[in-house]
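Down below is the structure, laid out as structure tokens.
Only the coordinates and a few stated rules stand behind these numbers; no lab work does. The shown structure was predicted, so the numbers you read here are calculated from the model rather than taken from an experiment. Neighbour counts run over all protein chains shown; Cβ positions are idealised from the backbone, glycine included.
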Amino acid sequence: MTGKNHPAGGAAVSRLAGRSLRGNRTRNFFVISAIVLTTLLLTSVFTMAFNINRSMELTRMKTSGGDFHGSFKYLTPDEAERLARHPSIKEFGKALLVGDAVNEAFRGTRVEIDAIDRQVADHSFIRFEDGGLPTGKDEIAMNTWALDLLGVPHRLGSEIELELEIDKKRVTRKFTLSGYYKADRYVAMSGLAFVSEAFARDQLSGIDPEMTRRSGTYTNTTRLDVMFNNAFGIEGKIHKVLADTGIKADYGVNWAYTSVELLENPLDLLPYAVLLLIIMLSGYLLIYNIFHISVVRDIKFYGLLKTIGTTPRQLRRIITIQANRLYLIALPVGLLLGYGVGCWITPMLTRFTGNKLEMAYSASPLIFAGAALFSYLTVRIAASKPGRAASRIAPVEAVKFTGLGGQGRKKFKRSAGGAKLSRMALANLFRHKKKLWLMLASLSLSLILFGTVYALISSLNVNKYLSTFIAGDFVVKELPDTSGVVSGTALTDELTRLLAGTEGITGVDRVYFSYEEMALTPGMKTMLAPLAEQEAPEFPAYSHILERGWIGTQLYGVDRGWMNQIQKGDILEGSLDRDKFMTGKYVLISEASLNVEGKYVTYYHPGDFIRLPGSEREYEVMALLNEQALYAAGTQVYPVGGFSWYLPADEFTRSVKEPKLLSLTLHAEQAGLEQAGNAVRSLVDAHPELTMKSREDYVEEMQGFITVFKTVGYGLSFTIALIGVLNYINTVITGILSRRHEFAVLESVGMTRRQLQRTLLYEGAYGTLLVGAILGTAGLYLIYKIGKGISDNMAFMVFRMSVWPILSAIPVLLVLSAAVTLAAYRLLTKATVVERLREAE
Amino acid sequence: MPILQIDHLKKYYGQTEPVVKALDGISLTVERGEFVAIVGTSGSGKSTLLHMMGGLDRATSGKVFVGGNDIFAMNDEALTIFRRRSIGFVFQHYNLIPILNVYENIVLPIELDGTRVDKDYVERIIRALGLKDKVHQLPSRLSGGQQQRVAIARALATKPSLVLADEPTGNLDSKTSQEVMILLKQVSEQFGQTIVMITHNEDIAQTADRIIRIEDGKIAMRPETSGKRGV
Amino acid sequence: MNRHLPPKPPRRSRIYSIYAGAFVLLIVGYIGAVAYFAGFEPRAGWASVLFALLLLMLGGALVRTLKREAADEMDTLHSIMDGALSGGTRRMEYTDTPLSSFEQKILRYIELSSNQEQKLAAEQNSMKALISDISHQTKTPLSNIILYSGLLEEVPELRDEARQYVASIKEQSAKLDWLIRSLVNLSRLETGMIAIQAVSAPLMPTLTRSVSQIYGKAEEKGIGIEVECLPGVTACHDPKWTAEALFNLLENAVKYSDPGGSITMTARTGEMFVRIDIADTGIGIEESEWAAVFRRFYRSPRTARYEGVGLGLYVTRQILTAQGGYIKVSSVPGEGSVFSVFLPVECGR
């Protein structure tokens, strides 16, 4: 006995596998294509994940200001020197805090003046579009948006006059631009401008960093940005440095490094994992199908090998070797294409996620290694079952002549009622019940899935999406400042009148806003108490509310136009009477923002009278609205335990103490839309705190999102349908090929070729009709239920039942089954004839 | 010890009536070195019998011993290996592997075993069957008779205990059949092989030392001996 | 009847996997430790990975070499066996290795068993030699008998009765002579004292030779002989001995045919063999006797009234077999017989 582990006859097996490959070019082509497809998809998923990860990392770094591992702040030059010399610090850069620029133009935007060196610049993502860091005393480098605010052209040598505040003293200086760079106004903590070391020395000569440290201006303090060996345990390393040098200093750890993003939240990985699984499954089905058909076709070949003395294990190895070799050929192609596709899709996806992400591409070898590994797994598993089938082929198959002969392997049913072909076909179909149901299930399932996804895509409703953002043609809003706070003073009534008067504007709907604390009523306390008891001690929101004694209410004053935005489904209790509402005696309230499962809760019901906090006036509650109602009008912020009030705008201005204008929604004539838009825009541009967005802007945004959704959605649904159909084809083909003995017997009994063909066609047709029946009943029902369920929960979907894709599948299947049946039959008879010819020679 | 021993072999098809009795209780022995022909009309069960002997199919009841080994007691893998080493097959339709050339076809069973090919021996077989100048050709390029000779060579290559031939001349014209039969007889003597051949052709059967007749799955009782070989 | 199978060898594969697993764990552990101490410097990481990979590859190569060595040993074993079986050829030199001593053992065993066979063969040979000697020894006395009976015949004063007796003696002695001569030939043939040298030669001369020898007798009996053979036909045969074998067949054909019959000899080339059919219109042979007629001393009951010893066909077959040829017969009793002689087309088989 040869050693148990190493397979005997390896050379012979290898040769058989190799020659077999050469003789099967069509099959090879399909297998390679399938593997390429699978690898492609896998690689693109990996690429996307890694790219997104890298982009997020980059963005975070940009937000935190740079990619330094950590920094020591507010140092004296001496301290900085000593720290920098620590052996664990591989790279460092120094930044000297000079002061701030306090020009009028910079009101509300902080621009810090530093003197930095090359390292700091490089690691802070400062890439000069032109020029570089200043060298001369009067040179300065600034970013483009700051230049824009000053109205300075982007040109080297431009003159800039800056009012500087250095250590609480103001000084005006003229500078020439030594270089400018692009910066993201809203990402970095503040704007930066850089002066030369010469200037710093000049200005700061008398300033003692130790003193400014204490005084809080930190002028002339040095910040030391450092890079260690790697990003692990940055804080620990910093502590070590401080301990070793004995210096006490403030420090910062670059939080962009503090989390290994991908693994942080396993739930984030879930969609990727699901995607991978789907891809592997479809790849598996494709490859398995092809190999299976191949084995069934070559059943004589494998039977013969078995007769000669090839063991089951060796037969399995033949298939495995073939699969491996095909995999190796397909792999590089799939990897490369997949990487390309992944890099192409990623920007689309980042647009979809909404966050402004800077695109960064990752070329980590892990992408390729991971994709190659999963792809190999798929191929191996897919080839294993056909391999096992091949190994179990009985040697007697080799000698079974596919013509006459073979003692009645009685499997075919003799229909008692005459030889009516169609009846026989039906009986045949039900012979292998298990196989039939399996095929029906997989096909129906995939088609239903296809139909559902398709219906969902058709349910994408732009308008519904838009209505969550904009109710009219233009909306003018105040921009939140760098801390996200809206002052509420930017929009003025005067501006409102100006805008309303602009040519082409037909109407203005205002939204006023105020935030009031409302004292807890006994009723509220009763409702809050049980919630406070049940809540987790780490998040004592409700207890806190009970303790402090008030809830936050948001008061909105809305113009009539907003009434139209209230959907039927938004009204939970009561009813909406517009005219009555506009009288000002009524209020619409929203449900309470309490985290109660299942249904809504409210403190008040229609008919109740509630008093406006901070005033004496009372209003009768006309109706109770859903939290999502008038979404576009609100702040999209819901304080815990609170609720919202909606009063007519005029009533609001009368009763609320400090009404703030939150937004203006402008309606315009369709004819002069563009001009109106331009006019409004120029008006708004004059006020930098305000921003204007038109319906078109949102539509554009939406379009991009829709495109992605459609591409992915259609692609996915078609792939799913394809898999089901391929499986179906496989079943049909193998069903025919594996019954060749039976056909031979039938032929000998007297059935003509024609009749046999007809029977097979009937079988296929009946099968398809069965599928159709399933689809038409359960299928449509499921699509409706699932589709509606999902789209009701999505803001931008209005469920539209599209029946035609799933119904059109039936004629397609009919044609397909007929074509495949005929092709398989021809394959069968052709093989037999050729064999006969060859053997007779 | 006889090289082949069959005890009460039965092969029935089907559970319900009408049950097809392909073999209905066959017993026989073959001594080492014999050339036995099993003759019968088509449907008499002779093919089934041969398949049983070679372990290509399993019996309903009964036993087959080849070289003292109970064929049906082996599992699929062991039986395959046994077949590879101890039984050589010659089929009516040659059944050569179309993707391998003549030489590769002949040595395939040896190579599957992982053992070293005895080149001298294989060459002798090739020469004895007149295949010397066809060694690198693919089966598709050969005539029927030539293919059958390759099949015979393959059957002999592993020095098996038993050579089973299933209508070896069934697909050949009479002239080629004659030649193939003579060759078969000659090489079996030259290389000391035992041959069991089934055929429906009485003429061909005459080449054998002993003829066994089969009818309806049973051995016919007509005593037939065409004389022992040699002497 | 089942042979007692030896116990299965231990599951080596499992042991190998344990080794491999331990090896991998060790490497990973070491790398992990190094990485930890080096503070996860990426370069150290890549270096360790490279180290691990190279180590694994080397390990794998080593294992593969070892396996190949084992396989080679196995091959040598097989080759030794093959050599021993096919005539005791030594495949290895005398070296101080277990394989060499194994070869020694095998050859010794083969030697011993072949000894038995040799003894048997030797016995048979001595028997044949005995027969040869006997037949040789009887030659002289026999020729004397013939001589003297011939002389006796010529004595003029012989009475009729006496003359009859002499004729009878002469006849019987002739028969005896013929028998002895056949036996001598046969024994010479069987003991290999006469070598048959088969060469690739044109067939036509051989055929004509055999025919010419029988022509006289055939014409006497009024039996026609026809020969059909294409001029270019060649076969691998010994012309002298093959002619002799064919002559035997023709002799039989003439002997067992009635006057007025015909004999046809046709030669056709096939792919492997040249086929020579000798068809006669004689008494034919029963199917049950087709195989028997080629046996030594076999005489069919139907030929009782004919002369013959029962050796002709036997000798013919021996001659043909020695040339790698073959003979068979097909016949219809009362109508005639066809003897088919096959000779290989090419030599060197």
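In table form, for the structure just shown:
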| read-out | value |
| --- | --- |
| Set of aspartates and glutamates with alpha-carbon distance to residue B:134 below 12 Å, sequence-local pairs under 8 removed | B:104 |
| Three principal axis lengths of the range C:12-91 [C-alpha, angstrom, descending] | 71, 24, 10 |
| Peptides A:761-771, A:206-216, C:240-250 ordered by average Cβ neighbours within 10 Å, highest first | C:240-250, A:761-771, A:206-216 |
| Anisotropy class of the range C:103-181 from Cα gyration tensor, a/c 1.5 cut | prolate |
| Charge sum, other residues only, whose C-beta stays under 15 Å from residue A:803's C-beta, Lys/Arg counted +1 and Asp/Glu -1 | +3 |
| Pairwise centroid distance, computed over Cα atoms, of the range A:705-732 with the range A:452-467, Å | 19 Å |
| Shielding by partners, peptide B:88-96 (average Cβ within 10 angstrom, other chains) | 4 |
| 20 Å cut-off, amide nitrogen to a point 7 angstrom out along residue C:117 Cα→Cβ, residues in the range B:180-224 | B:185-195 |
| Value of relative contact order over the range A:16-150, rounded to a whole percent, pairs C-alpha under 8 Å and six or more apart | 18 percent |
| Distance between modelled label sites at residue C:127 and residue A:328, nm, 7 Å Cα→Cβ extension | 6.4 nm |
| Cα point-scatterer Debye curve for chain B, base-10 log of I(q)/I(0) at q = 0.13, 0.16 Å⁻¹ | -0.76, -1.15 |
| Amide H contacts of residue C:271 (H built 1.01 Å from N, under 5 Å, at least 5 apart or other chain) | none |
| Exercise: per-residue mean of other protein chain Cβ atoms within 10 Å, A:10-18 | 4 |
| Cα-projected label distance for residue A:790 with residue B:61, points at 7 Å along beta-carbon direction, nm | 6.2 nm |
| Net +/- balance of residues flanking residue C:138 in space, Cβ distance below 14 Å, scoring K and R +1, D and E -1 | +1 |
| Rounded to whole Hz, the Karplus (6.51, -1.76, 1.60) HN-Hα couplings of the range A:288-293, x for glycine and proline | 4, 3, 5, 5, 4, 4 |
| Nitroxide proxy distance, nm - points 7 Å out along Cα→Cβ at residue A:601 and residue A:637 | 2.3 nm |
| Antiparallel bridges, percent of DSSP beta bridges restricted to the protein assembly as shown (to nearest 5) | 70 percent |
| Eligible lysines near residue C:119 by straight Cα distance, threshold 23 Å, same-chain separation 8 or greater | C:105, C:128 |
| Qualifying lysines (Cα of each under 17 Å from Cα of residue A:137; at least 8 residues distant if same chain) | A:174 |
| Most fluctuating residue given options C:16, C:94, C:165, as computed from a GNM of chain C linking Cα atoms under 10 Å | C:16 |
| Span from the the range B:154-185 Cα centroid across to the the range C:211-255 one, whole angstrom | 31 Å |
| More than 14 angstrom apart: percent of Cα pairs within the range C:235-275 | 59 percent |
| Per-pair calculated FRET efficiency, R0 = 30 Å: residue A:359 and residue A:107 via Cβ, rounded to 0.05 | 0.35 |
| Projected area averaged over orientations for chain C, convex hull of C-alpha atoms, nm² | 33.8 nm² |
| Kirkwood Rh in Å, taken over all unlike Cα pairs in the range C:147-241 | 17.4 Å |
| Amide H partners (placed H, <5 Å) of residue B:96, local residues excluded | none |
| Number of partner chain Cβ atoms within 10 Å, mean per residue of B:112-123 | 6 |
| Over chain A: helical MRE at 222 nm, DSSP H runs n ≥ 4 each giving -39500 (n - 2.57), nearest 500 | -17500 deg cm²/dmol |
| Long-range HN-HN contacts of residue A:96 with modeled amide H, under 5 Å | A:115, A:116, A:223 |
| P(r) tail fraction, chain A - alpha-carbon pairs more than 44 Å apart, % | 53 percent |
| Sum of side-chain charges, residue A:193 neighbourhood, beta-carbon under 10 Å (Lys, Arg +1; Asp, Glu -1) | -3 |
| Where N is the number of residues in the protein assembly as shown, Cα Rg divided by 2.2 N^0.38 Å | 1.48 |
| Stretch gain in nm, segment residue A:244-residue A:33, where the contour uses 0.36 nm per residue and the Cα spacing is subtracted | 69.9 nm |
| FRET E, pair residue A:819, residue C:230, Förster distance 60 Å, beta-carbon r, rounded to 0.05 | 0.55 |
| Residue-wise HN-Hα coupling along the range B:168-182, computed from phi with Karplus coefficients 6.51, -1.76, 1.60 (Hz; x: Gly, Pro) | x, 9, x, 9, 10, 6, 5, 5, 5, 4, 3, 4, 4, 5, 4 |
| Net lengthening on full extension, residue A:798/residue A:628 (0.36 nm per residue, minus Cα-Cα) | 59.6 nm |
| Chain A: angle of helix A:312-353 to the longest principal axis, Cα-based, in degrees nearest 10 | 30 degrees |
| Protection proxy ranking, peptides A:618-624, A:449-455, C:138-144, average beta carbon neighbours within 10 Å, highest first | A:449-455, A:618-624, C:138-144 |
| Relative contact order of chain A, pairs being alpha-carbon contacts under 8 Å that are 6 or more residues apart, as % | 16 percent |
| Nearest 10 degrees, 0 to 90: helix C:312-322 Cα axis against chain C principal axis | 30 degrees |
| FRET efficiency estimate (nearest 0.05) - Cβ-Cβ, residue C:219 to residue C:181, R0 25 angstrom | 0.55 |
| Cα centroid separation, the range A:37-62 to the range C:329-343 (Å) | 88 Å |
| Ranked by how many other beta carbons lie within 10 Å on average, peptides C:301-312, A:515-526, C:254-265 from highest | C:254-265, A:515-526, C:301-312 |
